[in-house]
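Accompanying notes for the structure given below.
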Amino acid sequence: MDALARHPVLVLPELVTLLTAGTGLWLELVYSPPLAPRLPKPQRATIAALAMWSAWAVAYVLGLSNHAVFHGYDPAGGALSPVADQQITVALVWAVSACCFVPVIFVALLTWLSGNGDPDEELQRLARDGRQHPVVRGWGRPARGRPAR
């Protein structure tokens, strides 16, 4: 960050890097026709939560600091101290990341958990053998390697 303040030409590579990574992440998290995410919904929710929590962790470090972390942007006699400016930045990072990622997490989890199938039908399918007869595990024939009682 201090290098960006001293050398404004570095803003362009930073912008390209963040825009590319952010677009790739967002396209993998959210269905955006004609592109569809390849990850299943629980993994999308996990990736979104990790991205949000990593932004929050960096913000925590910045917000709990009692001195200016980035000196290249120190104000020259401004109304806000550098620490107060950092704390405002932290509040914005928390709010923006929560507004962006929390809906993605909840929508992915709720649509995954709700499913489209009938749970009773799924249970019946799992509890029947190949001839559609009810099966109770453990009854009937003995397990491999164990003698029958």
Net length gained if the chain between Ser114 and Ala79 were fully extended (0.36 nm per residue, minus Cα distance): 7.5 nm
What ³J(HN,Hα) values, in whole Hz, does the Karplus curve 6.51 cos²θ - 1.76 cosθ + 1.60 give for segment 42-58 when θ = phi - 60°, with x put for Gly and Pro? x, 6, 4, 5, 5, 5, 5, 5, 5, 5, 5, 5, 5, 5, 5, 5, 5
Nearest-0.05 FRET efficiency for Ala36 and His71 at R0 = 35 Å, using Cβ-Cβ distance, is 0.20
So between Thr46 and Val58, what do we pick up on full extension, going 0.36 nm a residue minus the alpha carbon distance? 2.5 nm
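No value in this document is a laboratory result; all are computed from the given coordinates. The model shown is predicted, which means the values in this text are computed figures rather than measured ones. We place every Cβ from the backbone using ideal geometry, glycine too, and count neighbours over all the protein chains shown.
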